[in-house]
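What follows draws every value from the coordinates through simple rules; no lab data is involved. Predicted model, so just to flag it, every value in this text is computed and none were measured. A quick note on method: Cβ atoms are made from the backbone with ideal geometry, for glycine too, and the neighbour counts reach across all protein chains shown.
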């Protein structure tokens with residue numbers, strides 16, 4: 001009976017230590033991958049905030065970040081729509097920004113998701129680059145101070161982090 005108890009205790013210890021090692025390995029995957037990006041802290045923060053991050057491979061990490069780009073583009077479009085009413089003098093620039101962020105949502109992100117999902121990271125990189133370019137073009141469209149600067153900078157940073165991880169897949 002004593003031998004059985006000792007054996008059971010040893011099995012529990014092995015299972016717990018295996019689970020701990022797997023968890024550490026998953027965390028180190030995010031850490032190692034994010035070391036290859038221009039903004040380690042942003043990368044870790046974005047990937048740790050998604051429950052899929054702990055079990056994702058490199059392609060999965062890119063797909064998570066593409067979801068973050070999509071979410072930020074949606075948030076920015078909502079902000080633009082609100083600014084139409086508050087800042088009618090910016091109508092032209094806001095229209096251009098709206099068009100550009102719709103391109104991110106309807107073309108760039110879907111192109112990147114499809115490419116990464118099909119194992120063609122080069123085309124995924126193109127979609128990610130385009131998202132950053134669209135955001136930058138939006139920002140430049142304002143004469144004077146842009147009310148979207150914070151959101152635009154976030155899009156550029158997330159796009160740069162995502163692109164760096166896509167490049168790992170090339």
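Here 34, 43 are placed in order of increasing Cβ neighbour count within 10 Å, fewest first, which gives 34, 43.
The relative contact order of the range 93-170 comes to 34 percent, based on Cα pairs under 8 Å that sit 6 or more residues apart.
Compared with the alpha-carbon gap, the fully stretched path from residue 74 to residue 32 is longer by 12.2 nm at 0.36 nm per residue. Shown for 89, 139, 79, 114: other C-beta atoms within 10 Å of each C-beta, ranked fewest to most, produce the order 89, 114, 79, 139. Annotation: peptides 158-168, 49-59, ranked by per-residue average of other Cβ atoms within 10 Å with the highest first, follow the order 158-168, 49-59. From a point 7 Å beyond the Cα of residue 52 in the direction of its Cβ, which residues of the range 60-78 have a backbone N at a distance under 17 Å? Counting only backbone N, you get 60-74. Taking a ≥ b ≥ c as the square roots of the eigenvalues of the Cα gyration tensor, the range 14-153 is prolate, since a/c reaches 1.5 or more and a/b is larger than b/c.
Subtracting the Cα-Cα distance of residue 123 and residue 85 from 0.36 nm times their residue separation leaves 9.9 nm of extension gain.
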